1. Out of all the residues in the stretch 197-223, which are β-branched (Val, Ile, Thr) and either over 11 Å from residue 47 (Cβ atoms) or surrounded by fewer than 21 Cβ atoms within 10 Å (Cβ to Cβ) (or both)?
2. Among all residue pairs at least 6 apart or on different chains, which show Cβ distances below 8 Å where the first residue, located in the stretch 48-65, is at positive phi and the second is within 7 Å of the ligand (Cβ to nearest atom)?
3. Identify the residue in the stretch 177-196 that is in contact with a Ser or Thr (Cβ under 7 Å, 6 or more places away or on another chain) and of a type outside the set (D, E, K, R) and, among all such residues, is surrounded by the most Cβ atoms within 10 Å (Cβ to Cβ).
4. Restricting to the stretch 173-193, name every residue that is within 27 Å of residue 95 (Cβ to Cβ) and either at pLDDT 95 or above or in a helix (DSSP H, G or I) (or both).
5. Within the set of pairs 6 or more residues apart or between chains, which connect a residue that is closer than 15 Å to residue 221 by Cβ inside the stretch 189-205 to a residue that is of a type in the set (S, T, N, Q) and at pLDDT below 95 with Cβ atoms less than 8 Å apart?
6. Looking at the stretch 66-115 only, could you name the residues that are more than 24 Å from residue 32 (Cβ to Cβ), touching a Lys or Arg at 6+ places or on another chain (Cβ under 7 Å) and free of Cβ contacts under 8 Å to residues at least 40 places away in the same chain?
7. Check whether at least one residue in the stretch 224-240 is among the acidic types (Asp, Glu) and touching a Phe, Trp or Tyr at 6+ places or on another chain (Cβ under 8 Å), and report yes or no.
Amino acid sequence: MSSVLAPSPVATHTARQGVQKLRLDGVTKQFGGLKVFDNISFEVEQGGVLGVIGPNGAGKTTLINVICGMLAPTAGRIYLGDRDITAMPFHALARLGVARSFQQTNTFRSVSVEENLFRAQRFGAVHGGGDLGIDALLDEFGLSSHLDEPSDKLPYGLQKMLGLVMVLSARPRFLLLDEPAAGLERRERTQVDRFIEHARTKLGCGVLIVEHDMDLVKRLCPRILVLEAGRLLAEGPPAEVLSRREVIDAYLGASED
Ligand SMILES: Nc1ncnc2c1ncn2[C@@H]1O[C@H](COP(=O)(O)OP(=O)(O)OP(=O)(O)O)[C@@H](O)[C@H]1O
């Protein structure tokens, strides 16, 4: 099969060179009287995977919205390397290499799979560079034989994987994934593992992943954060964090003691 995505012709984006960390420093987000999270600080390294978990409504999606520029934080700063990217607009951050996926499928619905991939590529980073291995991913996820089909006619699992491949074809440096496994069947979920492995090894991406599937979180994330009631409740390796009493209580909604 010929390559679906040609390398971008645009020159290397110098601001991206040397970027190694995405860092939040004392970030707060408030909607009117509702403080969704307060004074949150953490960082994700390129090539690293950080899991963010927490009960429904804990603020995980809002956190991604704030990092990717879809919402401005109420307080605090966000840095990409040394560059302050706080409240930069979504499209500008995509060009710097910060990209996000959505809980629901995020394709251009009636447009073909191939055209979806072209549009995603154009939306993304303005640097050129080597082969992203997109064709191999399309083969692996069973999308290669659907390139001419409208994306909204694909089964849900394929739409979801197309959404992820689209994010990658924008050539990100940091990926913010909002529940990539939600709605996928068990056998499809290992494709999320493969996707993240590909993003890390092929592009050197740093990955922040919000996910409710704890098996997937344990498989993929050497480190996790637990968001609860507006604060970082716990941070560390998943096996250790998930065995903590306060984390178990946060998920059950009440202490068993
Ligand atoms: N634009 C908004 N305006 C007002 N409140 C909002 C807005 N977006 C989110 N919220 C509120 O912020 C809180 C956190 O929502 P958010 O969707 O970030 O949680 P979540 O942890 O991602 O939940 P889930 O796991 O169910 O997806 C909720 O109380 C939600 O109602």
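The values are calculated or read from the model by the stated rules, or taken from the named source; none is laboratory data. Only a predicted model underlies this, so the values are computations on that prediction, with no experimental measurement involved. Every residue, glycine among them, receives a Cβ derived from its backbone with ideal geometry; neighbour counts consider all protein chains shown.
1. We begin by selecting, within the stretch 197-223, every residue β-branched (Val, Ile, Thr); these are 201, 207, 209-210, 217.
Correct list: 201, 209, 210, 217.
2. Correct list of pairs: 54/60; 54/227; 59/36; 59/227.
3. Of the stretch 177-196, the ones in contact with a Ser or Thr (Cβ under 7 Å, 6 or more places away or on another chain) are 177-178, 180.
Remaining after also requiring of a type outside the set (D, E, K, R): 177, 180.
On the way: 177: 27, 180: 29.
Top of the filtered list is 180.
4. First, pick out the residues of the stretch 173-193 that are within 27 Å of residue 95 (Cβ to Cβ): 173-180, 192.
The answer is 174, 175, 176, 177, 178, 179, 180, 192.
5. 205/46
6. 84
7. In the first step, residues of the stretch 224-240 are kept if they are among the acidic types (Asp, Glu); the result is 228, 235, 240.
Restricting the remaining residues to those that are touching a Phe, Trp or Tyr at 6+ places or on another chain (Cβ under 8 Å) gives 235.
Within the stretch 224-240 (the criterion being among the acidic types (Asp, Glu) and touching a Phe, Trp or Tyr at 6+ places or on another chain (Cβ under 8 Å)), the answer is yes, since at least one residue qualifies.
To keep it simple, each residue is scored yes or no on (1) farther than 26 Å from residue 200 by Cβ; (2) of a type outside the set (A, V, I, L, M); (3) assigned to a loop (DSSP other than H, G, I, E, B).
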{"position": "88", "(1), (2), (3)": "no, no, yes"}
{"position": "93", "(1), (2), (3)": "no, no, no"}
{"position": "104", "(1), (2), (3)": "no, yes, yes"}
{"position": "109", "(1), (2), (3)": "yes, yes, yes"}
{"position": "116", "(1), (2), (3)": "no, yes, no"}
{"position": "122", "(1), (2), (3)": "no, yes, no"}
{"position": "131", "(1), (2), (3)": "no, yes, yes"}
{"position": "138", "(1), (2), (3)": "no, no, no"}
{"position": "142", "(1), (2), (3)": "no, yes, yes"}
